[in-house]
Structures are given as C-alpha cells and as structure tokens.
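*Asks:* Let me begin by handing over the structure; questions about it come next.
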Amino acid sequence: MKQLHFVTNKEDHLIALLTALAITIHIIESAFPSPMPGIKPGLSNVITLLTFIIYGWKTALQVSLLRVIIGSLLLGTFLSPSFLLSLSGAIFSLISLSLLQLPFRYNLLLYFQPGAIGYAVIASMSHMTGQFLIAWYFFIPHPGLFKLLPVFITFAVLLGVVSGIITQALINKKPLT
C-alpha cells in the first residue's frame with residue numbers, strides 16, 4: 001500500500017498558527033454571556049484583521065473560514081443557525097475589507113489608507129450587517145426586525161473600535177513572521 005506524504009511550507013504553518021489562535025479566542029469568548037442575542041465582542045476577528053493587514057486577503061480568508069468551521073465543530077454548532085450567521089458575517093466582513101483596499105492596491109488613493117481601527121470598524125459593521133441580513137432572510141423575515149439594526153450597528157462600531165485598538169497594539173508590538 002502506498003503511503004501519502006503531505007508537504008507543508010512556512011505559509012501553511014502560519015495559517016495553522018493564526019487559525020489556532022483565532023479558534024482558541026473564539027471558544028473562550030463563547031463561554032461569556034452576551035448582553036443581547038447577536039452581540040459578542042468578536043475578539044477572534046482581531047486575528048483575522050491582523051492577518052488581513054499583514055498577510056493579505058487570501059490568508060485572512062483561509063484563517064477566517066477555518067476558524068468558523070473548526071470552531072463550530074468544536075462547539076457543536078456546525079450547520080446550525082449560529083454557524084450560518086457566523087459564516088455570513090465572516091464572508092461579508094472580508095468582502096468589505098477587500099473592496100475597501102481595492103483603491104489602494106491600484107494606487108487610486110495615494111495619501112489616505114485606513115488604519116487598523118478604520119478597517120476594524122468597517123469589518124465589524126459589515127459582519128453585523130451580513131449576519132442581520134441572513135437572519136432576516138432565513139429566520140425572521142419580518143420588516144420590524146430592521147428597527148433593531150441601528151442598535152446592532154452601534155454595538156458593531158463600538159466593538160470595532162475596541163478590536164481596532166487591540167489590532168493596532170499587536171501590529172505596533174511585533175508582527176508575526
């Protein structure tokens with residue numbers, strides 16, 4: 001019988017390390033009570049944001065998707081409504097970050113680039129909006145639900161600022177190599 005040999009490289013190890021950090025934070029965070037349904041600090045997203053800023057969109061996508069999938073398997077929520085909401089939030093967040101970075105990638109805006117706090121607020125608001133739209137479309141298709149959106153976006157902005165401050169502090173301290 002032929003044995004399979006998997007070859008890993010430095011990038012695979014980096015993705016594994018970042019994913020393990022994000023999953024650990026995700027699991028610890030799930031143990032804390034929430035002030036209201038759908039509101040969590042989202043500190044595991046700090047790892048995704050840090051990854052996005054330092055290593056780019058592709059690596060951040062891998063870390064984020066692995067965190068959502070493996071975290072939900074470990075917490076027993078895989079394919080549940082919370083899994084779908086977490087996945088949609090992660091995807092919306094990364095799409096918004098990628099779109100926000102497009103003008104800088106093609107040198108259309110040379111003098112302004114959002115820092116970690118700006119990226120974190122956009123990511124947090126997109127994450128919340130993505131979750132909200134999926135919740136409305138699949139679980140609670142009632143127009144009255146949109147009356148809660150300003151409350152959720154306010155929390156998203158506040159928690160995004162906190163995540164951005166933490167991310168910037170990590171970037172200033174020492175980037176992972």
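Computed from the coordinates by the stated procedures, all read-outs in this text should not be read as laboratory data. Note that the structure is predicted; figures quoted are calculated from it, not measured. Cβ coordinates were reconstructed from backbone atoms using ideal geometry, including for glycine residues, and neighbour counts include every protein chain displayed.
*Asks:* Out of 134, 166, 153, I need the residue that is closer than 22 Å to residue 53 by Cα and part of a helix (DSSP H, G or I). Which one?
*Replies:* 166
*Asks:* Determine which member of the set 159, 148, 133, 170 is surrounded by 20 or more Cβ atoms within 10 Å (Cβ to Cβ) and either free of Cβ contacts under 8 Å to residues at least 40 places away in the same chain or of a type outside the set (Phe, Trp, Tyr) (or both).
*Replies:* Unique residue meeting the criteria: 159.
*Asks:* Still on this structure, please answer the following. What helices (runs of 4 or more DSSP H) lie completely within region 1-101 and have 2 or more residues being acidic (Asp, Glu)?
*Replies:* Once the helices (runs of 4 or more DSSP H) in region 1-101 are filtered for at least 2 residues that are acidic (Asp, Glu), what remains is 10-30.
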